[in-house]
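These notes are about the structure you will find just below.
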Amino acid sequence: MKIEKNSVVTFHYQMQDEHGEVLESTKEGDPAVFLHSNMNMIPSLELSMVSREPGETYSITLTPELAYGILRQNSDIRVPTKHVLTKGKLEPGMMVSIQTKEGARPVTLVKVGKFNVDIDTNHPLAGKTLTFDVEIVDVREATPEELSHGHAHGVGGHQH
Ligand code: ZN
């Protein structure tokens, strides 16, 4: 079947920045799985999949505005170190996960103190032009349970 609203899509992808550096890839592992049209992925990447079928491969380049946003200035804030969810030694420049009211969120550490850390609240991929090489592996209809949860279940998806 072709990809449409609420399809469960299984796909392989490789994401590169404008210098050709590979930032993420599923090629060596399990493909990614997601429920289309439920805000599980960058909207422009979702849009590029509409009407495609298993076996199709394509590339798409997204400007920062269409990917993770432009870099905002003066975006550093200070938060208590205990809000950092990433375990281990913290160092400036590291990407870490931080607890916010809206849930966990990826940020970049700017300064690390004993009780507080300064973080750059820009998404770590903000400001980057990203190219995605995509291979559609499988397309199926979502189950009623998946639709009510707003995400895909099973291998590569959510466990509940
Ligand atoms: Zn679920």
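The values are calculated or read from the model by the stated rules, or taken from the named source; none is laboratory data. This structure is a prediction, so every number in the text was calculated from the model and none was measured. Quick reminder, even Gly has a Cβ in these numbers, built from the backbone with ideal geometry, and neighbours come from all protein chains shown. We work out accessible area using only protein heavy atoms, side chains counted, and drop any ligands, DNA or RNA first. Shrake-Rupley method; radii C 1.70, N 1.55, O 1.52, S 1.80 Å.
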### Query
Going by the structure shown, is GLN73 under 18 Å from the mean Cα position of the chain (by Cα), more than 16 Å from the ligand (Cβ to nearest atom), of a type in the set (S, T, N, Q) and surrounded by fewer than 17 Cβ atoms within 10 Å (Cβ to Cβ)?
no
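Can you tell me which residue among PRO80, PRO144 is within 16 Å of the ligand (Cβ to nearest atom) and without any contact (Cβ under 8 Å) to a residue 60 or more places away in the chain?
Working: PRO80 fails: within 16 Å of the ligand (Cβ to nearest atom).
After ruling out the rest, the residue left standing is PRO144.
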### Task
Might you check whether a residue that is open to solvent by 60 Å² or more (accessible area, probe 1.4 Å), small (Gly, Ala, Ser), modelled with pLDDT of 95 or more and within 16 Å of the ligand (Cβ to nearest atom) occurs anywhere in the stretch 147-154?
yes
#### Entry: Exclusive hit being open to solvent by 40 Å² or more (accessible area, probe 1.4 Å) and in a loop (DSSP other than H, G, I, E, B), set LYS87, LYS82
LYS87
### Task
Residues being among the hydrophobic types (A, V, I, L, M, F, W, C) and surrounded by fewer than 16 Cβ atoms within 10 Å (Cβ to Cβ): count how many of those fall in the stretch 22-32.
2
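Here is a yes/no grid of residues against (1) assigned to a loop (DSSP other than H, G, I, E, B); (2) open to solvent by less than 80 Å² (accessible area, probe 1.4 Å):
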residue	(1), (2)
MET1	yes, no
PHE34	no, yes
SER51	yes, yes
PRO54	yes, yes
